[in-house]
Amino acid sequence: MKPPIILINYKAYENSYGEKAIEISKKIEKISKNYGIPIIISVPATMIYKLSQEVELIIYAQHVDSVRHGAHTGSILPEMIKDSGAKGSLLNHSEKKIRLDEIHEALTRMKNLGLESVVCIDSYELVHPLALLKPDAILIEPPELIGSGRAVSKERPEVITKAVDEVKKVPGVYLLAGAGITTGEDVYKAIQLGADGIGVASAVMKAENPEKVVEDFVANAIKAIDKRQ
Ligand code: G3P
């Protein structure tokens, strides 16, 4: 079975850093190990090193800058996240947009460093042009549904099916769907519609029992992938 891709974006929620981030990451790690499914956590840059020491999860940054070494105060370079223990990064999240030339430059640098990349986009029309830049995956998220509790797979299923058609034109690029994913059923539906996995934030980071939520997501993702094969 090709495992489903589950990406949990910690954003800047209260539990995205410090002891609380370690605690939630350990809970996610437990599910990942129990089900034998790798889970990606996309964490604040300040937490990459610490979490890479604490848990066996795939750790991503949430953003990298495409500038090169030099006088760039405040910049986070691909080289820096790699050195801290990240395996990859999100790029161009709706909440951290960058220009197309910056996406291209960052992707080239990340590839040269052996880092994985997930490029976020907000409409399916952008899937093909961005897939041609050969990120590892594209994460499609209609911005109006982000953090809404209304799942893309239920509210705008056509966004996923059209994105899947577009991504197929470029072999080797995965398609993830996100925005408003709340229940295991949302995850199941996204994968049934053709996505290789999902991106999620609030449903996990704001949950009273994140372990239960992630377990439900993983179990449904596996069920959906099994059914597809
Ligand atoms: O990167 C994933 C994220 O933008 C989705 O957010 O809160 O709708 O799951 P949320």
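The values are calculated or read from the model by the stated rules, or taken from the named source; none is laboratory data. All values reported here derive from a predicted model rather than from experimental measurement. Backbone-built Cβ (ideal geometry, glycine too); neighbour counts: all protein chains shown.
When you check G172 against the structure, is it outside any helix (DSSP H, G or I) and more than 12 Å from the ligand (Cβ to nearest atom), yes or no? Don't jump to the end; show me each part of the working.
On the way: outside any helix (DSSP H, G or I): yes; more than 12 Å from the ligand (Cβ to nearest atom): yes.
In short, yes.
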Review point. Is there a residue in region 45-67 that is more than 16 Å from the ligand (Cβ to nearest atom), under 20 Å from L176 (Cβ atoms) and β-branched (V, I, T)?
Key: no
Check your understanding: Of the numbered conditions (1) farther than 19 Å from P3 by Cα; (2) part of a helix (DSSP H, G or I), E208 satisfies every one except a single condition; which is it?
Key -> (2)
Exercise for review: Scan region 16-41 and report the pairs whose first residue is free of Cβ contacts under 8 Å to residues at least 40 places away in the same chain and among the polar types (S, T, N, Q) and whose second residue is part of a helix (DSSP H, G or I) and surrounded by fewer than 18 Cβ atoms within 10 Å (Cβ to Cβ), with Cβ atoms within less than 9 Å and a gap of 6+ or a chain change.
Suggested key: S25/E54
Exercise for review: Report yes if V127 is in a helix (DSSP H, G or I), of a type in the set (V, I, T) and under 19 Å from L7 (Cα atoms), otherwise no.
Suggested key: yes
Practice item. List every residue pair whose Cβ atoms lie under 8 Å apart, where the two residues are 6 or more positions apart in sequence or sit on different chains, the first residue falls within region 153-171 and is surrounded by fewer than 18 Cβ atoms within 10 Å (Cβ to Cβ), and the second residue, located anywhere, is charged (D, E, K, R) and not in a helix (DSSP H, G or I). Key: V170/K134
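Every residue, every condition in (1) farther than 19 Å from V43 by Cα; (2) aromatic (F, W, Y); (3) within 12 Å of the ligand (Cβ to nearest atom), yes or no:
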| position | (1), (2), (3) |
| --- | --- |
| T183 | yes, no, yes |
| D186 | yes, no, yes |
| A203 | no, no, yes |
| D216 | yes, no, no |
| I225 | yes, no, no |
Review point. If you check I222 against the conditions, is it touching a residue at least 40 places away in the same chain (Cβ under 8 Å), more than 18 Å from L145 (Cβ to Cβ) and of a type in the set (V, I, T)?
Key: yes
Exercise for review: Could you list all residues from region 188-201 that are within 15 Å of the ligand (Cβ to nearest atom) and either modelled with pLDDT under 95 or not in a loop (DSSP other than H, G, I, E, B) (or both)?
Suggested key: K189, A190, G197, I198, G199, V200
